[in-house]
Amino acid sequence: MTRSESTALRWWRPALVVALAALAVVWRLVRADLGAPPNLELVTAATFAATILLRSRWAFVVPLAVTVVSDVVLGNTAIALFTWSAWLVVGLGSLLARNTTGWRRVGAGAAFGVAGSLWFFAWTNFGVWLQGRGVWYPAGVDGLVASYVAGLPFLRTMLVGNLVLVPLVAAGTLLVDRLEASHGVVAARPA
């Protein structure tokens, strides 16, 4: 297989990332209508897949792009700064798994799903408390604790979802690697 044939076959990595990101956007838009619990999301899984499939440091923008695009349709609340920055950090964190191979990638996916869920919970609930001090929650530490306690059901859903979805996507990226190897396609080097 020539180099140009190898490159031509890799068009589907970016196409798959775009499809997963579009699915994450659509899911954010229809999740409630389908009766799915709040915070069951596909953004973390799409982010992990983008990082592995694109092997580019620019994959970190995927969660921010998904959130911004869907928030334009949904509208966003006063904590947009906290949700968008939380997703940006999740995207940057995904870069740590960029070079994982084999079944370690699935383990990295599980760890990324847990870490991303915990970070998102901690940062966005802090934002809810910070912006709602004296309105929704008391201004002191007791109000911050109350904000975190109120958010626990959302954390549970996000955490369980990511413990299933992100390792599943990680295993899917292993399949992509195996299919490319069986067809003699050389994997792109991380950028």
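Points worth noting:
- The residues V145, V114, V176, sorted by heavy-atom accessible surface at 1.4 Å with ligands and nucleic acids left out, run V145, V114, V176 from largest to smallest.
- Model label points for R31 and A19, set 7 angstrom from Cα along the Cα-to-Cβ axis, are 2.2 nm apart.
- Rolling a 1.4 Å probe over the protein heavy atoms gives the chain an accessible area of 53 Å² per residue.
- For region 3-173, a simple Cβ point-charge model (Lys and Arg +1, Asp and Glu -1, everything else neutral) yields a dipole of about 600 debye relative to the Cα centre.
- Note that region 3-173 shows a convex hull volume over its alpha carbon atoms of 116 Å³ per residue.
- The accessible-area ordering, largest first, of the residues S182, S117 stands as S182, S117, per a 1.4 angstrom probe.
- In order along region 111-116, the phi-based Karplus estimate (6.51 cos²θ - 1.76 cosθ + 1.60, θ = phi - 60°) of 3J(HN,Hα) comes to 4, 5, x, 5, 4, x Hz; Gly and Pro are listed as x.
- Estimated from the Cβ-Cβ distance and a Förster radius of 25 angstrom, the FRET efficiency linking R104 and W12 is about 0.55.
- Shape of region 120-191, Cα gyration tensor, a/c cut at 1.5: prolate
- Accessible surface comparison of L96, L118, probe 1.4 Å, protein chains only, largest first: the order is L96, L118.
- Working note: Karplus 6.51/-1.76/1.60 with θ = phi - 60° gives region 74-88 the couplings 6, x, 9, 8, 5, 9, 3, 4, 6, 5, 5, 5, 4, 5, 4 Hz, where Gly and Pro are set to x.
- Within the chain, helix-based [θ] at 222 nm, where runs of 4 or more DSSP H residues each add -39,500 (n - 2.57), nearest 500: -25000 deg cm²/dmol
- For W27, the shell of other residues with beta-carbons less than 14 Å away shows a net charge of -1, using +1 for Lys and Arg and -1 for Asp and Glu.
- For the chain, modelled as a GNM whose springs connect Cα atoms under 10 angstrom apart, the maximal fluctuation among G140, G116, G127 occurs at G140.
The values are calculated or read from the model by the stated rules, or taken from the named source; none is laboratory data. Model, not experiment: these values are computed from the prediction. Here Cβ is always computed from backbone atoms with ideal geometry, including for glycine, and neighbour counts include all displayed protein chains. We work out accessible area using only protein heavy atoms, side chains counted, and drop any ligands, DNA or RNA first. Shrake-Rupley method; radii C 1.70, N 1.55, O 1.52, S 1.80 Å.
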